[in-house]
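Student: Dropping a structure here in structure tokens format, bear with me for questions.
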Ligand code: 5GP
């Protein structure tokens with residue numbers, strides 16, 4: 001099993017932000033901005049565009065709900081969405097709270113936040129997601 005599948009299965013710890021039967025969301029360990037979240041399918045699939053139409057549609061709707069919760073938890077101008085997948089071969093959608101376009105530049109230096117702060121951010125997002 002790959003690292004993200006293990007995270008979704010709870011075999012590797014993560015800062016959980018949201019979940020349902022099919023998908024899981026957690027904080028990126030090297031965030032571009034506070035609240036940078038990754039959404040993944042529990043099922044192991046590498047390339048997002050190999051997902052069939054229905055699964056991809058459900059995945060996008062899940063990411064939308066996470067983005068709504070994220071914006072309430074981490075006020076921002078908008079939540080940006082990106083798909084790269086060059087580092088981890090398990091489909092994932094990046095959600096990044098943006099104050100400006102610069103926040104979506106993946107070549108930017110990443111933030112290093114204390115564990116307690118990561119925990120607090122994830123708990124806020126999780127709480128907002130539960131309220132939807
Ligand atoms: P990509 O594959 O989209 O280029 O980048 C993978 C992303 O996953 C990176 O932003 C990286 O910080 C994040 N990442 C890689 N390994 C882990 C991990 O073990 N835990 C978490 N929470 N994030 C990870």
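Student: Checking the condition surrounded by 14 or more Cβ atoms within 10 Å (Cβ to Cβ), over 12 Å from the mean Cα position of the chain (by Cα) and modelled with pLDDT of 95 or more, which residue from 73, 91 passes?
Tutor: 73
Student: Among what's in the stretch 1-34 and is more than 13 Å from the ligand (Cβ to nearest atom) and buried (at least 16 other Cβ atoms within 10 Å of the Cβ), pick the residue that is nearest to residue 61 (Cα to Cα).
Tutor: So, considering only residues that are more than 13 Å from the ligand (Cβ to nearest atom) and buried (at least 16 other Cβ atoms within 10 Å of the Cβ), the one nearest to residue 61 (Cα to Cα) is 23.
The values are calculated or read from the model by the stated rules, or taken from the named source; none is laboratory data. Being a predicted model, the structure only gives us computed values, none of them experimental. So basically every Cβ, Gly included, is an ideal-geometry build from the backbone, and we count neighbours across all protein chains shown.
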